[in-house]
Amino acid sequence: MLIQWVTYVSILIAIVAMIAKALRYMTAPQNFRWELYPVPHERGKAEYGGSYLEELDWWSKPRHSDLFNEVKEMMMEIFLLKGVFHHNKKVWLFSLPFHLGLYICIGWLFLLLLGGIMEAAGSAVVVDAGTFGALVHYLTVISGYVGLILAGYGALGLFFWRALDSNQKAYNSFAEYFNLLFFDVVVVITLAFHFGSDPSFAVLRGYVRSLVTFSPTAIPNVLFTLEIVTMSLLIMYIPLTRMSHFVAKYFLYHAVRWSDTPNERGSKIEKRIMELLQKKVGWSASHIQTGKPWSEVVKEMKK
Amino acid sequence: MSRLIKVKDISKKTDRLYTLDPKDLPKLPYPYEDWEDPPYPEVAEIKRKGKDISLDGILNVPVPAPETDEEKERLVAKFLEGLKKLLTVENNWTFLKPFMLSIDNCVRCNTCAEACPIFEMSGRAEIYRPLFRSEILRRIIRKHISPGGKLTAKFTGSDIDLNWETVARLAQLAYRCTLCRRCAQTCPMGVDNGLIAREIRKLFSQEMGIVPAELHEEGTVKQLETGSSTGISPMALMDLIEFMEEDITERTGLNIKMPFDKAGADILLIHNAGEFLSWPENIEAFAIIFELAGLNWTMSSDLVGYDSVNYGLFYEDVQLARVTLKHAEIAKKMGVKKVVVAECGHAHKAIMAIGDRVWVDDVNIPRESCFVTLEDIIMSGKIKVDPERNNFPVTLHDPCNITRSMGIIQPQRRVIKKICPQFREMTPHGVHNYCCGGGSGFAIMQGANFPSWRMTIPGRKKFAQILGAFTKEEFDSGVNKYVCAPCSNCKGQIRDLLTYYDAWERSRILYGGLVELIVNCMTDVREGFIEWELH
Ligand code: SF4
Ligand code: SF4
């Protein structure tokens, strides 16, 4: 069971780290407006970067948010890396397969989980196990290989881009190289084991079943042990590093870049600002009344 | 030389980390391919005394050069204290979330570098790379503030020596960015290097009192004490207004009385007071348009009420909030229905966007951009225009604060397209524009050798764009050309650019605001409102 514990602990740490990261940004206080155009939910204006501030007496008119366009923009950013495509094509060539590979790998892990649960419940996940069992089987196989190969190729490309691009070299840390190599090591070990001994991922699904049922399982060889340990560590490691930037990116876009809700009389924003104005200012330059609340400090300049 | 500079070199004990050389600057387009910039002047001994200019030899922020090691250590400790405050809710709730997000999430891909006009037009000087500045701050936070940072510094690439050289140069680097946020638009993560530069400025100002005099003592402090950063007192203002009313009559044949302190007016119009001194024709043009359109409007003669300037936007939150709150209180006291911000980009942002979080409760008075008001006047036919009077090549500069930061793009275009038959866009324009090069307070910094940096590096991009907006034939024929820069600070910068590059004498390029173009073609006004001479 020792190896299962490695996986349990890794998943737990990953979940806690992810929640902590999201909470860090979710609980950050109301900030001053700092949006950046184009803002995609500006109906009829997003295309050229316009805003509702272009309207005469804008405060007296209903604001129409274009949720469809915002979601479309998000999807293009998530699945096509639109921003990178427009502004850094060299990186896009590797970053897109890397990200798509990761998304597919996440899907693959969920399919393995689903298969593990199905097996624990007594239904088989094989070619001739009926429509659903066969579907899960095929999807697992396809997503596993496609995801791993895409992510592995992307990570390798990004590694070489970092190592060889003259603009880039001076800004890479050891961690950046390590992270990309870590991905590739996991990909290579995983592919090596499954190409050789478990092409349909049945053994891996058996391992997932053992995780779901909290029961021991047979570990076929050292390579499989390595696969489980490195993959578990990777799952744990991602949220502890900048590689989990998808969490932050959500906030960067929604809470800052696209955050254009105006403050209205009696609104939540106003309430939050009024509370924050009671915080005591600690800045100590000579024109600031250190120790006084913001509400007082902003009313008068210290002479 | 620049290629050799690495982030960790910032702590090097040298007199100058980077030496500027005009030979590194990119060439300008026709008819300026042969243009050669003179060498960058050294700062006079008397001006540089006691100041650190060891980044690039340029002086625009008075960073002290301590003589003793003890003093250096004291200042480094003070800097660290300030940096910690930057990361706390009570001291920095105003920008904590965007700041944390930008510090935590850069993937160091350098996409932003290609968007930055300062990096590009310096000939890709490494120290001006957007990531260079941010990385210094990021590494200091990781290594010296984050728990366990010293242990993991090598692994995470946060190895940086925190000495006075690092701190002093970081302050200078914060003033080598116009806060235009063009880089942020291209960042795939949404990281904002402009915001980071402003946060650094804030730390130096709010904790250490290190800030250019033009922004603080001569800027917000003067404004709060005397009424305007120009030094115009309410009494002097009235003299200027009298002069302007006479000038209107002389130029247009109209008798116009500029309304002041009219309680309950529909509109409180608020100008950048720089216009009163440098471009009175802009104030006059607004008055002519508003009066002939029959608007119920007023200006304020209250302290600070006649100056929309808010340099706090460029360097700190306390002064920013103090000034914008004064504007709010005046609007409330006058009981106006809305405040209209005249042609000033940073005032737009301070009063409308930042003001959105400061004009709270009973001072939450509606605010509108003058471009929207003007569009309504022109499109509704409240005034009569004859576009033929504006039949010369016109291009439009987009102030970053109004376009990129507020999304006000089309109203000014609809006006200009209606009244200027030869209007053409710059490339790129609108929300993707380039800064004039005078953003973040640069336009008003005239001291030491800074203007030559401002003209040749950030301003070079805008000048190249201006040249690109006109054709070879238009240059060769010597026809008068007009750059519409509807923002006081941008106008100041473009005036300086046209002077530096001798563009009026050489190429017949002049600049001005939007309202001047409107009045120039109003049929109720005598012809020739625009005077074709550089001032
Ligand atoms: S700020 Fe954005 S674009 Fe620039 S290096 Fe960081 S992640 Fe890349
Ligand atoms: S804000 Fe503008 S000047 Fe500053 S780093 Fe970004 S692009 Fe360059």
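For region A:67-76, does any single residue satisfy the condition of being facing chain B (nearest Cβ under 7 Å) and touching a residue at least 12 places away in the same chain (Cβ under 8 Å)? Talk me through it step by step, then tell me what you get.
Narrowing region A:67-76 to residues facing chain B (nearest Cβ under 7 Å): none.
So far as region A:67-76 goes, no, none of its residues is facing chain B (nearest Cβ under 7 Å) and touching a residue at least 12 places away in the same chain (Cβ under 8 Å).
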Every residue in region A:215-232 that is open to solvent by 60 Å² or more (accessible area, probe 1.4 Å), part of a loop (DSSP other than H, G, I, E, B) and without any contact (Cβ under 8 Å) to a residue 24 or more places away in the chain, please. A:Ala218, A:Pro220
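Within region B:198-282, considering only helices (runs of 4 or more DSSP H) that don't extend past its boundaries, which have at least 1 residues that are basic (Lys, Arg)?
Ranges flagged: B:222-226, B:234-252.
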Where residues in region B:421-469 are buried (at least 24 other Cβ atoms within 10 Å of the Cβ) and away from ligand 2 (no atom under 15 Å from the Cβ), which of them is nearest to the other protein chains (Cβ to nearest Cβ)? B:Ile466
Taking region B:199-212 and keeping only residues that are touching a residue at least 60 places away in the same chain (Cβ under 8 Å) and either within 7 Å of chain A (Cβ to nearest Cβ) or near ligand 2 (Cβ under 9 Å from one of its atoms) (or both), one is left with B:Ser205, B:Gln206, B:Glu207, B:Met208
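Conditions (1) under 24 Å from B:Arg48 (Cα atoms); (2) within 16 Å of ligand 2 (Cβ to nearest atom); (3) open to solvent by 10 Å² or more (accessible area, probe 1.4 Å), marked per residue:
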{"position": "B:Cys187", "(1), (2), (3)": "no, yes, yes"}
{"position": "B:Gly194", "(1), (2), (3)": "no, yes, no"}
{"position": "B:Glu217", "(1), (2), (3)": "yes, no, yes"}
{"position": "B:Glu225", "(1), (2), (3)": "no, no, yes"}
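Listed here are the residues, each with its yes/no results for (1) open to solvent by 10 Å² or more (accessible area, probe 1.4 Å); (2) in a helix (DSSP H, G or I); (3) of a type in the set (Val, Ile, Thr); (4) within 7 Å of another protein chain (Cβ to nearest Cβ).
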{"position": "B:Leu83", "(1), (2), (3), (4)": "no, yes, no, no"}
{"position": "B:Glu90", "(1), (2), (3), (4)": "yes, yes, no, yes"}
{"position": "B:Thr94", "(1), (2), (3), (4)": "no, no, yes, yes"}
{"position": "B:Pro98", "(1), (2), (3), (4)": "no, yes, no, yes"}
{"position": "B:Leu101", "(1), (2), (3), (4)": "no, yes, no, yes"}
{"position": "B:Cys106", "(1), (2), (3), (4)": "yes, no, no, no"}
{"position": "B:Cys109", "(1), (2), (3), (4)": "yes, no, no, yes"}
{"position": "B:Ile118", "(1), (2), (3), (4)": "no, yes, yes, no"}
{"position": "B:Arg124", "(1), (2), (3), (4)": "yes, no, no, no"}
For a quick check of your reading of the model, give me the residue pairs whose first member lies in region B:289-312 and is under 21 Å from B:Leu277 (Cα atoms), whose second is acidic (Asp, Glu) and open to solvent by 20 Å² or more (accessible area, probe 1.4 Å), with beta-carbon atoms closer than 7 Å and at least 6 apart or on different chains. B:Thr298/B:Asp261; B:Ser300/B:Asp261; B:Ser301/B:Asp261
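Do you know which residues across region B:151-196 are of a type outside the set (Ser, Thr, Tyr), farther than 30 Å from B:Glu73 by Cβ and at the interface with another protein chain (Cβ under 8 Å from one of its Cβ atoms)?
Result: B:Arg181, B:Ala184, B:Gln185, B:Cys187, B:Pro188, B:Met189, B:Gly190, B:Val191, B:Asp192.
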Hey, any hits in region A:127-150 for a residue that's away from chain B (no Cβ under 14 Å), surrounded by fewer than 19 Cβ atoms within 10 Å (Cβ to Cβ), of a type in the set (Gly, Ala, Ser) and at positive phi? yes
Which one is nearest to the other protein chains (Cβ to nearest Cβ), of the residues in region A:270-281 that are open to solvent by 20 Å² or more (accessible area, probe 1.4 Å) and of a type outside the set (Asp, Glu)? A:Lys279
Give, as residue ranges, the helices (runs of 4 or more DSSP H) completely inside region B:309-378 that count at least 2 residues that are closer than 20 Å to A:Pro262 by Cα and modelled with pLDDT of 95 or more. B:317-334, B:345-348
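The values are calculated or read from the model by the stated rules, or taken from the named source; none is laboratory data. Everything numeric here is computed off the predicted structure, so don't read it as measured data. We place every Cβ from the backbone using ideal geometry, glycine too, and count neighbours over all the protein chains shown. What goes into the accessible areas is simple: the full protein's heavy atoms, side chains included, and nothing from ligands, DNA or RNA. Shrake-Rupley method; radii C 1.70, N 1.55, O 1.52, S 1.80 Å.
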